[in-house]
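Below you'll find the structure, written out as C-alpha cells, and then a few comments.
The values are calculated or read from the model by the stated rules, or taken from the named source; none is laboratory data. Note that the structure is predicted; figures quoted are calculated from it, not measured. Quick reminder, even Gly has a Cβ in these numbers, built from the backbone with ideal geometry, and neighbours come from all protein chains shown.
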Amino acid sequence: MVSGDRGAHWDAAYRGRGSEGVSWYQSSPTISIELIDDLSPPRETAVVDVGGGASRLIDVLLDEGFSDVSVVDVSDVALAEVGRRVGPTAASLIHADLLAWTPTRRYGLWHDRAVLHFLVDPAERNRYVEVLHLALKPGGYVVVGVFAFDGPERCSGLPVVRYSADALSELLGADFEVVAHRREEHVTPTGAIQPFTWLTARLCMQPRIPLRAAADPHDATEG
C-alpha cells in the first residue's frame, strides 16, 4: 500500500466507525503508560507516538506533565480529533506516512502501538527500523506493541505480521537492549480479544542507518 492509499484507508476507517468504534480503540492506554512510567523518564523528555492516530496516550502524557509530545500519523481525520481534544498547540501533530517521514529532530522515547505489524513487506520493516534510528537519541527508549503469534492474521481489512518478543527484538537489531516485554489481551469495542506482544528496548549505541535486511518474524520461535 502506497502512502496516499494508506492515508485514504485510515481516514475512511475513522470516518466510518468513529475513533471509539475502531478495533484498536482504548478508553485508557494502560499498558503503554505502565511501560513508559516504568522507565521513569524526565517530564521534559521528547516523546513521539508514531501512528498514534486518535489515541488517548497523548492526553495522558500531557496530564502527567510531559511537555514535549508529538504524534505522527497518516490520517488527517485522526490528527484533527487529537487537536480538538488537547488543543492546537499542546502537542506537535505531524501528518505524514511514517515510512516516508524524515525526522528533523531526535526523541528520547518512541512509542508505537499497532503500526509495525501492518508492515508485511520486509523492505517496509527495514525502513521502519531506519526511521527509528534517525529519530531516536542514543540512550533513548522504544516501546512497541504488535500482534502476538496467536493474534489475528488480518486487521481493518489488511494482512498483518505477528511477533513474539524474540522476533521483535531480532527485528530491532543488536543496537537495542531489551528492557522488558509483556503480553496484553486487548478487548476490541465488539468484544473480540486480540493478543499483543509488547517490548521496551534501549538504544545503547550511536544510531546508524542499518544496512542489513529486516528479519522475518516467522523465522523466530515463540519467546
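Selection of the range 107-121 for residues being of a type outside the set (A, V, I, L, M, F, W, C) and surrounded by 15 or more Cβ atoms within 10 Å (Cβ to Cβ) yields Tyr107, Gly108, His111, Asp112, Arg113, His117. Taking first residues from the range 124-151 that are under 20 Å from Val187 (Cβ atoms) and partners that are of a type in the set (Val, Ile, Thr) and assigned to a strand (DSSP E or B), the Cβ contacts under 7 Å between residues at least 6 apart in sequence or on separate chains come to Val146/Thr197; Ala148/Thr197. Whether a residue is closer than 20 Å to Gly145 by Cβ, loosely packed, with under 15 Cβ neighbours inside 10 Å and modelled with pLDDT of 95 or more was assessed, and Glu20 does not pass this test.
Given the condition assigned to a helix (DSSP H, G or I) and under 22 Å from Gly18 (Cβ atoms), answer yes or no: does some residue in the range 65-76 qualify? Yes, some residue in the range 65-76 is assigned to a helix (DSSP H, G or I) and under 22 Å from Gly18 (Cβ atoms). Scanning the range 1-47 for residues that are of a type in the set (A, V, I, L, M) and more than 24 Å from Ser156 (Cα to Cα) yields Ile33, Leu35, Ile36, Leu39, Ala46, Val47.
Being of a type in the set (S, T, N, Q) and under 13 Å from the mean Cα position of the chain (by Cα) is the filter here, so list the residues in the range 19-53 that pass it.
Matches in the range 19-53: Ser32 only.
All of Val77, Val72, Val47, Val82 fail the test of being in contact (Cβ under 8 Å) with a residue 12 or more places away in the chain, in contact with a helix residue (DSSP H, G or I) (Cβ under 9 Å, 6 or more places away or on another chain) and over 21 Å from Pro103 (Cα atoms), apart from Val77. When Leu134, Leu158, Leu171 are screened for being crowded, with 18+ Cβ neighbours inside 10 Å and of a type in the set (A, V, I, L, M), only Leu171 passes.
With respect to (1) crowded, with 24+ Cβ neighbours inside 10 Å; (2) closer than 18 Å to Ser32 by Cβ, the lone exception for Val74 is condition (2).
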